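The block underneath contains the structure these notes are about, expressed in structure tokens.
The values are calculated or read from the model by the stated rules, or taken from the named source; none is laboratory data. Bear in mind that the values here come from a model prediction, so they are computed numbers and not experimental data. Positions of Cβ are generated from backbone atoms using ideal geometry, with glycine treated the same way; all protein chains shown enter the neighbour counts. Areas reflect the complete protein model, heavy atoms only, side chains present, ligands, DNA and RNA absent. Shrake-Rupley method; radii C 1.70, N 1.55, O 1.52, S 1.80 Å.
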Amino acid sequence: MTNRTFRFRLRSSHRAPERATQDLVVEFLSDSGLWEPQQLSFSMPGFRIYLISLLLCQHFYLVANAREKAIPLQEVQADFNVTTSSEWIIASVEGAFRIRLDPGADPAEQPLASAEVMAFMEERMKLCPISKNLPESVSKTINVTSVA
């Protein structure tokens, strides 16, 4: 039996003062080896929509928790891989989220994106309803790091 791997990447920007998500781009690595921007449509395969929903739910929880912790996000980038069995049953989910802080933010607004804060956000991202509904047998790895 051959596993299938679905690869996505995400970029978003978050401008002051609201830090709301702007310029969100999700791309999918096609069978041709090219990254294709994803625009939800009726012709998109339903399983891909489900996987994009999983990625966007993770992103939503990351941004919401960064706002809660007063972390001045400037940008989020992510690589997101989902492996399934040949029968399309999800076996693993791996997300590597990288955040860039706004260098122009008020120093009082710039708490260090410490390992403790990153771990807090990773734990909170696990509360995403789509992630919570994955079976316990699915290996789930979500990492959040801060980049300069």
Those strands (runs of 3 or more DSSP E) lying entirely in region 1-115 with at least 1 residues at pLDDT 90 or above and under 15 Å from Ser146 (Cβ atoms): 4-14, 73-84, 90-101
What are the residues in region 21-60 that are open to solvent by less than 40 Å² (accessible area, probe 1.4 Å) and more than 19 Å from Leu134 (Cα to Cα), if any? Val26, Glu27, Phe28, Ser30, Gln38, Met44
Which one of these is in contact (Cβ under 8 Å) with a residue 12 or more places away in the chain and in contact with a Gly (Cβ under 9 Å, 6 or more places away or on another chain): Gln38, Gln58, Gln77? Gln58
Of all residues in region 135-148 being outside any strand (DSSP E or B) and not hydroxyl-bearing (Ser, Thr, Tyr), which is least open to solvent (accessible area, probe 1.4 Å)? Val138
Against the conditions (1) under 18 Å from Gln22 (Cα atoms); (2) touching a Leu at 6+ places or on another chain (Cβ under 9 Å), where does Leu54 fall short? Just the number, please. (1)
If we scan region 61-68, do we find a residue that is among the charged types (D, E, K, R) and touching a residue at least 60 places away in the same chain (Cβ under 8 Å)? no
If you check Asp79, Asp106, Asp102, which single one turns out to be acidic (Asp, Glu) and loosely packed, with under 11 Cβ neighbours inside 10 Å? Asp106
Going through region 119-134 one residue at a time, which ones are in a loop (DSSP other than H, G, I, E, B) and touching a residue at least 24 places away in the same chain (Cβ under 8 Å)? Leu127, Cys128, Leu134
